[in-house]
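The values are calculated or read from the model by the stated rules, or taken from the named source; none is laboratory data. Given the structure is predicted, the values throughout are model-derived calculations rather than measurements. Positions of Cβ are generated from backbone atoms using ideal geometry, with glycine treated the same way; all protein chains shown enter the neighbour counts. Side chains are part of the model used for accessible areas, which takes the heavy atoms of the whole protein and leaves out ligands, DNA and RNA. Shrake-Rupley method; radii C 1.70, N 1.55, O 1.52, S 1.80 Å.
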Amino acid sequence: RRFTWTELLDYVDCFAQDLHDAGVRPGERVSIWLPNCVESVVVLLACARGGYVCNPSLHQNYTVEQVVGLLERLDTRVLVTQPGYGADAHSTDLFAATSALPNLTRIYSAEPFKSVTNRAQRSACDAHVQEITAPRLDDADRIMYLAFTSGTTGEPKGVLHSANTLLTNTRAMVADWHHDENTVLLSLSPMSHHIGVVAVGQALSAGCELVVNDVPDGMSTLDWIVETGATYCMGVPTHAIDVQAQMAN
C-alpha cells in the first residue's frame, strides 16, 4: 500500500480517536507486535498525537511468553498485533496468554495485508470516523516512545524518548544528507528496531517518501531497492553484506 501524507494523517487521526474512545489516556503504554507494515507507523504517530507512550520493540523472534512478560512489565494498556506473528505464535495462543493481564484492556488484531485480494478498495481509515474530537497534545517534551535495547545481555533495557529528542537527531541527518520531498527512504531494519523509528523521523522532517522493508514473496532485498526506487537506505552492516552478495550472484 502507498499512502499520501493526507491519507496517513486521516489514518492516524482515526486511530487516535479510537484509542481515546477506548479510554486510553496520556502517559499510558501502547505496545506494537507487528511485521513491517504501515500500521506500525500509524500507531507510533497516533501515540505521539495523543500523549501515549508507544513501545514498538516487540521483535519477531520473541516468544509469546517473552512478550507477555514485557507487556506486564510495562503495564501495557493496548496491544496492536497480528495473528500468527512471533517465534511460537502458531503453537501458543497470544490472546489466551494475555487474558491474565489486568490492565491490558484492548487488543487490536491487524489482518495480514498480503492476504487481502481487493487492495485498491481498502481506504486509509478502515472504520471512518465522522468527527475527530480526541485532544491533540502538542508538548514535544513528553515521553512518547519507549524502546528496548537490542544486542545486550540480560533482560531488555528500556530507553525513553520524547518527540524532541527523536527529531533533534533526525533533523540533523536530513540536513547532512540533504533529504527533501524527492527522497525515497527505505528502512532495511525492522520497524520494531530503533533504526526504523529514526527512518520515520527523517521522513517526517524532510517530507519524503518512507518505504518499509515489507519485501514481497520471491523478491530479494536488492530487487526491492530497485522496485521502490530507493535513493537512501538505512540498516546495519549485515544488510549491506547481504545486498553485496546478491549483486555478486
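Is it true that some residue in region 22-40 is in a helix (DSSP H, G or I), under 21 Å from residue 195 (Cα atoms) and open to solvent by less than 20 Å² (accessible area, probe 1.4 Å)?
Taking region 22-40 as the starting set, the residues that turn out to be in a helix (DSSP H, G or I) are 38-40.
Right, trim to under 21 Å from residue 195 (Cα atoms) and you get 38-40.
Narrowing the set further to residues that are open to solvent by less than 20 Å² (accessible area, probe 1.4 Å) leaves 40.
Yes, because at least one residue in region 22-40 is in a helix (DSSP H, G or I), under 21 Å from residue 195 (Cα atoms) and open to solvent by less than 20 Å² (accessible area, probe 1.4 Å).
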**Prompt:** List the pairs whose first member sits in region 149-172 and is modelled with pLDDT under 80, whose second member is open to solvent by 70 Å² or more (accessible area, probe 1.4 Å), and whose Cβ atoms are under 6 Å apart, counting only residues at least 6 apart or on separate chains?
**Reply:** 149/157
**Complete:** Residues of region 53-99 being exposed (fewer than 14 other Cβ atoms within 10 Å of the Cβ), farther than 22 Å from residue 20 by Cβ, in contact (Cβ under 8 Å) with a residue 12 or more places away in the chain and out of contact with any helix residue (DSSP H, G or I) (no Cβ under 8 Å at 6 or more places or on another chain), in sequence order, are 61, 84, 95
**Asked** Which condition number in (1) within 22 Å of residue 147 (Cα to Cα); (2) part of a loop (DSSP other than H, G, I, E, B) is the one that residue 238 fails?
**Response** (2)
**Request:** Take region 196-232 and flag every residue that is exposed (fewer than 15 other Cβ atoms within 10 Å of the Cβ) and in a helix (DSSP H, G or I).
**Result:** 223, 226, 227
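Could you count how many residues in region 136-157 are under 30 Å from residue 60 (Cβ atoms) and open to solvent by 50 Å² or more (accessible area, probe 1.4 Å)? Please lay out each step first, then the result.
Initial filter on region 136-157 (under 30 Å from residue 60 (Cβ atoms)): 142-157.
Restricting the remaining residues to those that are open to solvent by 50 Å² or more (accessible area, probe 1.4 Å) gives 142-143, 150-155, 157.
Residues flagged as under 30 Å from residue 60 (Cβ atoms) and open to solvent by 50 Å² or more (accessible area, probe 1.4 Å) within region 136-157 amount to 9.
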**Prompt:** Applying the selection to region 172-194, what residues are crowded, with 16+ Cβ neighbours inside 10 Å and assigned to a helix (DSSP H, G or I)?
**Reply:** 173, 174, 194
**Asked** Filtering region 87-134 down to residues that are assigned to a loop (DSSP other than H, G, I, E, B), among the β-branched types (Val, Ile, Thr) and at pLDDT 50 or above, which residue is nearest to the chain's Cα centre (by Cα)?
**Response** 105
